[in-house]
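The values are calculated or read from the model by the stated rules, or taken from the named source; none is laboratory data. Note that this is a predicted model, so its numbers are computed, not measured. Note that each Cβ is placed from the backbone with ideal geometry, even for glycine, and that neighbours are counted across all protein chains shown. Side chains are part of the model used for accessible areas, which takes the heavy atoms of the whole protein and leaves out ligands, DNA and RNA. Shrake-Rupley method; radii C 1.70, N 1.55, O 1.52, S 1.80 Å.
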Amino acid sequence: MLKGMVYNIQRMSVQDGPGLRTTVFLKGCPLRCLWCSNPESQAFTPQLMCFENLCTGCGACEAACPNGAVTRLRNGKFGRDLEQCTDCGACASVCPSGARDMSGRLMTVEEVMEVVRKDGTFYLNSDGGVTFGGGEPTAAGDFFLALLQQAHDEAYHCTVDTCGQCPEDRFRKTIELADLLLFDCKHMDPARHRELTGQDNTLILRNLRSALGSNTPVRIRMPLMPGLNDTEENLAAMADFLGDFGLREVEIMPCHFFGRNKYLALNRALPLMRQYEPEELKAVNERFQRHGLRPVVV
């Protein structure tokens with residue numbers, strides 16, 4: 001039975017497409033964006049996340065761990081020895097405070113759809129539906145396509161939130177089945193794109209051209225990072241590219257620190273970035289407009 005790695009299913013979402021939606025977050029991504037706010041979405045395997053601020057020091061995790069990977073901290077709380085930890089999840093299963101949590105579990109298409117169907121009435125009343133995000137949802141391969149096909153066959157409005165780093169044949173199938181694409185546009189220069197995400201944008205732009213040339217609606221989304229992709233040169237290049245398809249509106253997502261605790265929970269270094277000052281963001285909005293683009297904050 002076909003299974004895939006899911007790290008979250010968020011019901012009643014209002015930012016991942018029209019109306020009320022259920023967003024299915026598939027684990028795994030081919031990019032490593034410097035500003036990623038969901039670091040737990042990058043790996044394709046389950047990961048233990050330890051939120052020290054939630055630990056009550058009860059010791060249940062220490063008793064449950066089969067590998068001796070739970071460590072006592074000076075503040076009375078419990079951490080982990082990364083060399084001994086196998087991400088088995090035994091400690092998370094007994095943690096009463098949610099300080100230890102497993103990100104990612106294998107689910108079948110039917111198990112995911114059972115959750116999606118629970119809010120069918122809300123979709124109908126709000127013109128909503130289901131959104132597949134990640135990570136990068138298309139990176140889940142056959143599992144993703146099977147999910148999308150099933151949701152399509154059950155007549156749900158299907159949105160795919162994608163970075164476009166996907167084999168072209170799989171992306172063509174995605175375009176055919178989706179009712180809306182939320183397409184991330186991070187940087188237009190291939191070399192700079194590689195520096196910021198670990199991959200150049202050659203394949204991404206090919207898939208974006210295919211999407212914009214299809215009958216499937218596309219919304220361009222841009223994670224906006226101070227000094228990294230908000231320059232005159234990059235916005236001018238984006239305007240030229242999108243102008244060929246008559247697109248002017250860009251949904252922007254200004255830099256934030258919402259993922260900080262997740263980096264700490266995974267024992268990863270915090271990303272080097274900063275948030276916009278209000279006047280800076282105003283200047284960036286004016287920069288968009290000078291190039292004929294209409295920014296909309298989402």
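Taking the centroid of alpha carbons for each part, the stretch 1-56 and the stretch 172-245 are 22 Å apart. Placing unit charges on the Cβ atoms of the charged side chains and taking the dipole of the stretch 93-153 about its Cα centre, the candidate lying farthest along the positive direction among PRO96, SER126, PHE144 is PRO96.
Dipole check for the stretch 184-239: with +1 at the C-beta of Lys and Arg, -1 at the C-beta of Asp and Glu, and the Cα centre as origin, the magnitude is about 300 Debye. Under conditions of 10 °C and 1.306 mPa s, the stretch 26-118 yields 107 µm² s⁻¹ as its translational diffusion coefficient, taking Rh as the Kirkwood radius over Cα pairs in the Stokes-Einstein equation.
For the chain, the number of Lys pairs with C-alpha atoms closer than 28 Å, counting only pairs eight or more positions apart or on separate chains, is 13.
For the stretch 78-185, applying the loop criterion from DSSP together with a ceiling of 11 other beta carbons within 10 Å to the GluC sites (Glu not before Pro) yields GLU83.
Rg of the Cα atoms in the stretch 147-287, relative to 2.2 N^0.38 Å, amounts to 1.15. Overall, the accessible surface of the stretch 123-202 at a probe of 1.4 angstrom is composed of carbon and sulfur to the extent of 41 percent. For the stretch 228-279, which whole percent of the accessible surface, found with a 1.4 angstrom probe, sits on carbon and sulfur atoms? Of the solvent-accessible surface of the stretch 228-279, carbon and sulfur hold 54 percent. Within the stretch 21-75, which trypsin sites (Lys or Arg not before Pro) sit in a loop by DSSP and count at most 10 neighbouring Cβ atoms inside 10 Å? Here the trypsin sites (Lys or Arg not before Pro) that fit, given the DSSP loop and packing criteria, are ARG74. When both bridge partners sit in the chain, DSSP labels roughly 40% of those beta bridges antiparallel. Shown is the FRET efficiency for THR86 and MET1, computed with R0 = 30 Å from the Cβ-Cβ distance and rounded to the nearest 0.05: 0.75.
For the chain, the Kirkwood estimate of the hydrodynamic radius, built from every pair of different alpha carbons, is 20.6 Å.
For MET225, the amide hydrogen comes within under 5 Å of the amide hydrogens of ASP230, counting only partners 5 or more places away or on other chains and with H modelled in the peptide plane.
Label positions at CYS58 and THR71, each projected 7 Å from the Cα along the C-beta direction, are separated by 2.4 nm. Each of LYS282, LYS173 has its accessible area taken with a 1.4 Å probe; listed largest first, they run LYS282, LYS173. Surface exposure of the chain, expressed per residue as accessible area with a 1.4 Å probe, stands at 47 Å².
Principal-axis analysis of the Cα atoms of the chain puts helix 168-177 at an angle of about 80° to the longest axis. Proximity of backbone amide H atoms, modeled 1.01 Å from N, is registered between ASN8 and PHE25 at under 5 Å, excluding neighbours fewer than 5 places apart on the same chain. Contact order, relative form, for the chain: 19 percent (alpha carbon pairs under 8 Å, 6 or more residues apart, mean separation divided by residue count).
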